[in-house]
1. If the elastic network links every pair of Cα atoms under 10 Å, which of E224, E80, E69 fluctuates the most in the Gaussian network model of the chain?
2. Only Lys, Arg, Asp and Glu count, each charged at its Cβ (+1, +1, -1, -1), so figure out the dipole size of region 1-79 about its Cα centre, rounded to 20 debye.
3. Region 1-57 to region 128-143: how many Å between their Cα centroids?
4. Packing-wise, with mean Cβ within 10 Å as the measure, how do 149-159, 292-302, 185-195, 204-214 rank, highest first?
5. Give the angle, between 0 and 90 degrees and rounded to the nearest 10, that separates the Cα long axis of helix 154-164 from the longest principal axis of the Cα atoms of the chain.
6. May I ask for the angle, rounded to the nearest 10°, between helix 60-71 and the longest principal axis of the chain, with both axes built from Cα atoms and the value confined to 0 to 90°?
7. Taking only the Cα atoms of the chain, how large is their convex hull per residue, in Å³?
8. Please compute the modelled spin-label separation between D254 and N219, points set 7 Å along Cα→Cβ, answer in nm with one decimal.
Amino acid sequence: MSELYDLIIIGAGPAGMCAAIYAGRAELKTLLIERNPMGGGQIVNTYEVDNYPGLPGINGFDLGMKMSEHVDRFKVDRKETQVLSMDLTGAEKIVRTEAGDFSGKTVLITSGNSPRKLGVPGEAELTGMGVSYCATCDGAFFRNKVAVVVGGGDVAVEDAIFLARGCSKVYLVHRRNELRAAKILQTALFAMDNVEPVWDSVVESIEGKDLVTSVKLKNVKTNEVTELETSAVFVAVGTQPNSDFYMNAGLETDQNGYIVASEDCKTNLPGVFAAGDVRTKRLRQVSTAVGDGANAITSVMDALLNII
């Protein structure tokens, strides 16, 4: 067993890194665990972040790197590994990872969420061969080609706008007849002459052998099935929490697996906190995630005072 930490943070997205900065400033003995080679969470895959105060239009990768560099100014231990499970019932919390076990007086879960899958035939088989969940990561592979974006929220519309700058044609497939995305994004989208919405439709299957060649779409009002030729399908239909490691740890979650925690980030287990996109909340944005990270450390400090 390793040394005892005051705080173990699981996840180095905006919430986790903000919490690490605040914990470092408070001189807490802190361990920040991240499964990916670089921190930043989903923002590193975002082409442009236009709503983070003071840094309008910053590239998501750059914002993530700035946050990570800020963490490194403080004495925060960092470990790149996958968390497997946790024992959160004792006074010392045990976090089991592929790199060994770590113990802490408190634990903050900031594992975020991941893109939701469509669950249709061809999706899994053609992932990486035309099916993607990150337009900014893979969009360049389909320059001057036809692409399909599935979804109707901010991310879907942002993806469609990004792709339209390089693709010959972009179809935006949505199950309803109007979008949920912010009006400013919709205005930008509909101003592009190479974007075409496909309303009231869902993906039935993704076709192709070694590469995506088409999608079959079903109109939810008429039940008519049509086939649309495309080289790529970008899925943007929401997210699900990164929850595999905590589902059997005794934490209260909602029906979707998000950890039940309010603004103070306290969970149903003493000494265990949740912040950022992984907790129950109305708005999941970079700004709300960093706010959670700051609030969480206030609650952690209270808990540590009670322990001492």
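All of the numbers you see were taken from the coordinates with simple rules; none came from a lab. Since the structure is predicted, the reported quantities are computational estimates derived from the model, not experimental observations. Cβ sites come from the backbone with ideal geometry, for glycine too, and all protein chains shown count toward neighbours.
1. E224
2. For this selection, approximately 180 debye.
3. The distance from the Cα centre of region 1-57 to that of region 128-143 comes to 26 Å.
4. Descending mean neighbour count gives 149-159, 292-302, 204-214, 185-195.
5. Relative to the chain, helix 154-164 is tipped by roughly 50 degrees.
6. Value to nearest ten degrees: 10.
7. 135 Å³
8. My value for the distance between the label points is 3.5 nm.
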